[in-house]
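The values are calculated or read from the model by the stated rules, or taken from the named source; none is laboratory data. As the structure is a computational prediction, the values presented were derived from the model and not from experiment. Cβ sites come from the backbone with ideal geometry, for glycine too, and all protein chains shown count toward neighbours.
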Amino acid sequence: MENSELEVKIVPTNNRKETSKNVTVKKYKNTEVKQGSTIHYDLNSQSTSLGPRPPIIGLAHELGHADDFMNGRGVNWDKNNDNNVDDNEIDAVQKTENHAIEIENKVRKAMGEPLRPLDYFYNRKKK
């Protein structure tokens, strides 16, 4: 990411009406295009559905998604816009989630926090 000409902006979530959660937004709909992104980051977020965690871990996770967009590896959730996510879409999203969790886990390890399992997202969506 450091040597890329693409830009990743980090802005507070209070500028985003849709959610107060951390999220990375791509510039272009076609995720195969290498592109910059905007990370909406809540620096006060102390927990997720997994439990408590320092806010910087959330930023690390979103930087993983930004890295995917910069390298043309992002995915569109529900790319058919049919409100139905099939197994192929779940598998594609899991791949990008794993990358984000790998980045997140580097920060978790450095901070002495428990590591997040790579299959968490996949198992949750398959239920």
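Quick look at the numbers
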read-out: The range 46-70 residues that are closer than 15 Å to ILE10 by Cα and in contact (Cβ under 8 Å) with a residue 12 or more places away in the chain, paired with ones that are part of a strand (DSSP E or B) and among the aromatic types (Phe, Trp, Tyr) (beta carbon under 6 Å, 6 or more apart); value: LEU59/TYR41
read-out: Residue match in the range 49-67 (condition: modelled with pLDDT of 95 or more, outside any helix (DSSP H, G or I) and not polar (S, T, N, Q)); value: no
read-out: Complete set of residues in the range 71-101 that are in a loop (DSSP other than H, G, I, E, B) and at pLDDT 85 or above; value: ASN71, GLY72, ARG73, GLY74
read-out: In the range 26-48, the residues that are in a loop (DSSP other than H, G, I, E, B) and under 15 Å from MET1 (Cα atoms); value: LYS34, GLN35, GLY36
